[in-house]
Ligand code: ZN
């Protein structure tokens, strides 16, 4: 069967059940991603996830179902088993919203091949997504509202391959005594929790009543890129930009024609220097918040490894949603992949450079009925400022 992309149905596949009720599945909106194979009845909706450009990755989904109020929906995602991270579906519950503001989890199962979402919507229109979306409109609001703050300067670094603005927020004074601290997020656009975390972090950093933020700004200048990959965001990608490039595999030798996003940020980093860098992500499989450091960068001084341990310990104290027991296995010294942002920054600047991973599912140690969520990501963003305060003076 040939099926058009973007969730549109061929004319011969018009959905209707019963005939007078227009059951319809679509994803023709920003960040939308689904292909509809069948929706002849609520109990037999068949879907698949569209690849990112480049055909290497798929996992992010985001679609709406209309005309299904008080109907028992059974939606099969047929290609879940061939996704980028099949283990991500184990123990996973899909996110659902009727108002596109509040997202809850709905019953979801995975048999090693297909993901099945079963839900009875209470309204005529319901949305489903891999995680609570963070829209480009919300991103533009975050940039504009931050830029209006007296402590903030906006730097437009340049344009993405599709012509969108790549924006940097510079926060605090710039002088020789201030330590340049970089925080970037959403190199992988489907990891929307990364920008939710940035939102909480910025809210606290710009609160002039908060003593932690005031102290940080007395010793540091912040350079924050809330969304490294707006093109991928618009397209509903998991990992790649509009040209099919995984930005977090380009840092050692970025080609400005293929990944201007990395080229421009890296260029600005070289002009500011870097003492601290946090690259915020989401991990599909592991039900934990954790930090992956630049263990494999052989040139990194012991003092930086020690600072990383202190940062992680301080983050544990600040948030029970963070832990240090589980994560990626450490990379042996000398074997770091310098195409990854965290490693390149550590190698180039000798900086405390870390990748912060959040779960798509939940944290095992501190679970919540809604799973990992925007609110919890925002709180973890705030807690990262406590952790930074514990180490910033020694960087
Ligand atoms: Zn990622």
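Values in this text are rule-based calculations from the coordinates and carry no lab data. Just so we're clear, the structure is a prediction, and the values are computed from it rather than from any experiment. In this analysis, Cβ positions are derived from the backbone assuming ideal geometry, glycine residues included, and neighbour counts consider all displayed protein chains.
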The chain, Gaussian network, Cα under 10 Å: of 29, 263, 131, the residue fluctuating most is 29
Taking every DSSP bridge whose two residues both lie in segment 3-129, the antiparallel percent to the nearest 5 is 90
quick note, segment 83-221, DSSP beta bridge pairs, % antiparallel (nearest 5) is 90
Largest fluctuation, 201, 238, 23 only, Gaussian network model of the chain with Cα springs under 10 angstrom, belongs to 23
quick shape note, segment 136-394: Cα extents on principal axes in Å, largest first -> 43, 42, 38
Going from the fewest other Cβ atoms within 10 Å to the most, one would list 261, 30 as 30, 261
Taking Cα atoms, the helix 193-205 axis meets the longest principal axis of the chain at an angle in degrees (rounded to 10) of 40
Residues 366, 95, 316 in order from fewest to most other beta-carbon atoms within 10 Å are 366, 316, 95
The simple spin-label model distance between residue 113 and residue 218, using points 7 Å out along Cα→Cβ, in nm, is 6.4
DSSP beta bridges in segment 136-394: the antiparallel percent, rounded to 5, is 45
Proxy exposure order for 373, 257, 218 (fewest C-beta within 10 Å first) is 257, 218, 373
Taking the chain and counting helices only, DSSP H stretches of n ≥ 4 at -39,500 (n - 2.57) each over all residues, the nearest-500 ellipticity at 222 nm comes to -7500 deg cm²/dmol
Computed over segment 3-129, the convex hull of the Cα set has an average projected area, in nm², of 7.4
Reduced to Cα centres, the span from segment 143-194 to segment 86-142 in Å works out to 28
Rounded to a whole number, the Stokes-Einstein D of segment 17-91 in µm²/s (Kirkwood radius over Cα pairs; 4 °C; 1.567 mPa s) is 97
Between residue 368 and residue 177, the two model label points (7 Å from Cα along the beta-carbon direction) sit apart by a distance in nm of 3.9
